[in-house]
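The values are calculated or read from the model by the stated rules, or taken from the named source; none is laboratory data. None of these values were measured; they are calculated from a predicted model. Counting neighbours? That spans all protein chains shown, and the Cβs are built from the backbone with ideal geometry, glycine included.
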Amino acid sequence: MTDQPATWFHGLVAERTARLGPNATQVPFLRHQIEQSGEPALDLGCGTGRLLIPLSADGFDVDGCDVSADMLRHCQDTAAALGLEPRLYEQPMHELDLPRMYRTIFICASFNLAGEQDQGLETLRRCHAHLETGGSLLFDIDAEYACREDWTNWEPSKRNELPEPWPREGIRSQAADGSEYVEMRRTLSVDPLRQKMVREVRIEKWAAGKHVASEEYRQHRTLYLPNEVRMMLKVAGFREIRVRHGYSDEPATPNSDPILFVASK
């Protein structure tokens with residue numbers, strides 16, 4: 001039995017993501033890649049449009065797809081305010097079924113949210129089917145071993161201490177209107193055999209010093225290793241596979257985090 005994708009990108013989390021503005025540091029690299037691989041492009045897991053909107057504003061033909069209706073609604077509203085009308089689709093990655101073919105597909109910081117490994121493989125197969133011959137797929141994975149805190153959670157002694165307690169202090173972020181969002185995260189479980197991690201997030205909204213709302217969500221993440229992803233790409237039908245040091249043209253090293261895969265059809 002496989003897990004359906006479960007994320008925390010709904011409700012207050014989606015609202016906060018949209019209102020705090022994008023962290024779109026990957027845009028220059030993606031702009032160059034789209035110029036090389038061609039258009040149209042698909043932002044798979046586009047969220048509130050932190051990459052899609054600046055690329056669309058640059059004149060690129062970019063569609064968006066995400067599993068969260070809340071994230072897509074914020075993306076649509078932000079795009080409309082800028083006079084943009086991107087095509088947006090609400091679908092899980094592993095059920096991707098769109099009416100267009102693409103020259104470039106990119107998945108940024110969300111491939112490990114696709115569900116179990118078989119759903120991750122199906123995501124790659126669907127991307128391959130939606131690419132024109134010669135087109136490129138780009139996506140990243142976290143290098144769990146590069147973060148001591150994450151990697152030690154794989155150890156039996158650390159797993160026995162899970163779930164973690166809630167942290168005493170949350171991460172505070174302030175929106176332009178003065179409202180404040182407070183986010184706390186904790187790890188509930190790590191399963192090295194299935195390469196699965198479950199985290200929980202609690203988010204609160206404050207306005208004028210008063211508590212307005214709070215929500216809790218669980219996120220199921222699949223933990224991938226580089227050689228595993230290489231094999232999945234080959235099984236999915238990709239021919240040329242390059243592994244990069246983050247969003248750069250430099251080859252990946254043991255210290256790279258994230259690791260970027262660029263695969264050609």
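Remarks
- Some residue of the range 170-179 being exposed (fewer than 14 other Cβ atoms within 10 Å of the Cβ) and either within 14 Å of the chain's Cα centre (by Cα) or under 23 Å from HIS220 (Cα atoms) (or both): yes
- None of GLU183, GLU149, GLU250 is touching a strand residue (DSSP E or B) at 6+ places or on another chain (Cβ under 8 Å), loosely packed, with under 12 Cβ neighbours inside 10 Å and more than 20 Å from ALA114 (Cα to Cα) except GLU250.
- Test set (1) of a type in the set (A, V, I, L, M); (2) at pLDDT 95 or above; (3) within 26 Å of ALA236 (Cβ to Cβ) - ILE53 fails condition number: (3)
- Scan of the range 39-52 for residues that are closer than 21 Å to PRO99 by Cα, hydrophobic (A, V, I, L, M, F, W, C) and within 16 Å of the chain's Cα centre (by Cα), ordered by number: LEU42, LEU44, CYS46, LEU52
- When the range 235-245 is filtered for residues that are part of a strand (DSSP E or B), out of contact with any Pro (no Cβ under 9 Å at 6 or more places or on another chain) and of a type in the set (A, V, I, L, M, F, W, C), only ILE241 remains.
- Count of residues meeting criterion [in contact (Cβ under 8 Å) with a residue 12 or more places away in the chain and in a strand (DSSP E or B)] in the range 185-234: 29
- Scan of the range 246-265 for residues that are hydroxyl-bearing (Ser, Thr, Tyr) and either assigned to a strand (DSSP E or B) or out of contact with any Phe, Trp or Tyr (no Cβ under 6 Å at 6 or more places or on another chain) (or both), ordered by number: SER248, THR253, SER256, SER264
- Filtered residue count, the range 110-142, keeping only those that are surrounded by 19 or more Cβ atoms within 10 Å (Cβ to Cβ) and charged (D, E, K, R): 4
- Residues within the range 1-38 that are modelled with pLDDT of 85 or more, within 16 Å of the chain's Cα centre (by Cα) and among the β-branched types (Val, Ile, Thr), tallied: 4
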